[in-house]
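S.K.: Got a structure for you, questions after.
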Amino acid sequence: MSVRINPSILAADFVNLESEVRRIRSADLVHVDVMDNHFVPNLTFGPGTVQRLAEVSDIPLDVHLMIDDPDRWAPDHAEAGAYSVTFHAEAAADPVALARRLRSMGARAGIALKPGTPAEPYLDLLAEFDQVLVMTVEPGFGGQSFLESTMPKLRALRERVSGAGLDVWLQVDGGINEETIVTAARAGADTFVAGSSVFAGDPADRIASLRDAAASTHAH
């Protein structure tokens, strides 16, 4: 199973985003948290910032939309150059139609589930998505503690994805560090968003340590 480490620029220096993205060039994707101050109580980036990041980044952008009405706004982020666009199940009026539209625009389509949102309604729809993001904290702010209570949901998704032979990435986001990444990898995650645990030190070293921890878990 491949391991992908996607550092979240929510933990980066917003004034120097171009140089911050250069510091994480060993990452697989750059995780960009788009928040609208409605779906979550925080405000970050919009399509304009995504477009500029796409222009200056050598690494593809993994955009996570924590916004209301993604059915209307998600395609703008695909158009802006995002490689992957993930929207929230709780906010989308028609998740399947939106995923199909994003795919038709050439972007990967992801669906995100808050800690309290069950996976069961989406298990039979997994082929419609390229990625499922299991939030391991309540969305809105970085630096929160990992919720181990979300692991049964991740295991159920892994069982269905593997059992059906689907090519769906299972991503976790929230409180990921060298300890919690092992717990998440063991439950079936293959794509890991890490913010403060990457940007707090030397990003190349942190990314390598996280990658090794997850890969060694998958190997056992």
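The values are calculated or read from the model by the stated rules, or taken from the named source; none is laboratory data. None of the values given here were measured: they were computed from a predicted structure. Neighbour counts are summed over all protein chains in view; Cβ atoms, including those assigned to glycine, are modelled from backbone coordinates with ideal geometry.
S.K.: Of the residues that sit in the stretch 197-214 and are of a type in the set (Gly, Ala, Ser) and loosely packed, with under 14 Cβ neighbours inside 10 Å, which one is farthest from Ile9 (Cα to Cα)?
M.R.: Ala208
S.K.: Among (1) modelled with pLDDT of 95 or more; (2) in contact with a strand residue (DSSP E or B) (Cβ under 6 Å, 6 or more places away or on another chain), where does Ala93 come up short?
M.R.: Going through the list (1) modelled with pLDDT of 95 or more; (2) in contact with a strand residue (DSSP E or B) (Cβ under 6 Å, 6 or more places away or on another chain), Ala93 breaks only (2).
S.K.: Mind listing just one residue for me: the one in the stretch 161-196 that is crowded, with 17+ Cβ neighbours inside 10 Å and charged (D, E, K, R) and, of those, farthest from Asp130 (Cα to Cα)?
M.R.: Only one residue fits best here, namely Asp173.
S.K.: How many residues are surrounded by fewer than 18 Cβ atoms within 10 Å (Cβ to Cβ) and either touching a strand residue (DSSP E or B) at 6+ places or on another chain (Cβ under 6 Å) or over 16 Å from Pro60 (Cβ atoms) (or both) if we restrict to the stretch 19-33?
M.R.: Selection size over the stretch 19-33: 1.
S.K.: While we're here: Among the candidates Ser162, Ser149, Ser145, single out the residue that is out of contact with any strand residue (DSSP E or B) (no Cβ under 6 Å at 6 or more places or on another chain) and over 26 Å from Pro7 (Cβ atoms).
M.R.: Ser162 is the lone residue from the list that is out of contact with any strand residue (DSSP E or B) (no Cβ under 6 Å at 6 or more places or on another chain) and over 26 Å from Pro7 (Cβ atoms).
Residue by residue, here is whether (1) within 19 Å of Ala82 (Cα to Cα); (2) in contact with a helix residue (DSSP H, G or I) (Cβ under 8 Å, 6 or more places away or on another chain) holds:
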| site | (1), (2) |
| --- | --- |
| Ala109 | yes, yes |
| Glu148 | no, yes |
| Trp169 | yes, no |
| Asp202 | no, no |
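S.K.: Could you identify the single residue in Leu133, Leu102 that is buried (at least 18 other Cβ atoms within 10 Å of the Cβ), more than 14 Å from Asp71 (Cβ to Cβ) and at pLDDT 95 or above?
M.R.: Every option except Leu133 fails the conditions.
S.K.: When you scan the stretch 71-81, do you find a residue that is touching a Ser or Thr at 6+ places or on another chain (Cβ under 8 Å) and either at pLDDT below 95 or buried (at least 16 other Cβ atoms within 10 Å of the Cβ) (or both), even just one?
M.R.: no
S.K.: Which condition from (1) hydrophobic (A, V, I, L, M, F, W, C); (2) free of Cβ contacts under 8 Å to residues at least 60 places away in the same chain; (3) more than 27 Å from His38 (Cβ to Cβ); (4) in contact with a helix residue (DSSP H, G or I) (Cβ under 7 Å, 6 or more places away or on another chain) is the one that Ala127 breaks?
M.R.: The failed condition is (4).
S.K.: Right, here's the next one. Can you confirm whether Ala54 is touching a strand residue (DSSP E or B) at 6+ places or on another chain (Cβ under 9 Å) and of a type in the set (A, V, I, L, M)? Spell out the reasoning first.
M.R.: On the way: touching a strand residue (DSSP E or B) at 6+ places or on another chain (Cβ under 9 Å): yes; of a type in the set (A, V, I, L, M): yes.
Criteria met by Ala54.
S.K.: Continuing with the same structure: Mind checking whether some residue in the stretch 199-210 is assigned to a loop (DSSP other than H, G, I, E, B) and β-branched (Val, Ile, Thr)?
M.R.: Looking for residues that are assigned to a loop (DSSP other than H, G, I, E, B) and β-branched (Val, Ile, Thr), one finds none in the stretch 199-210, hence no.
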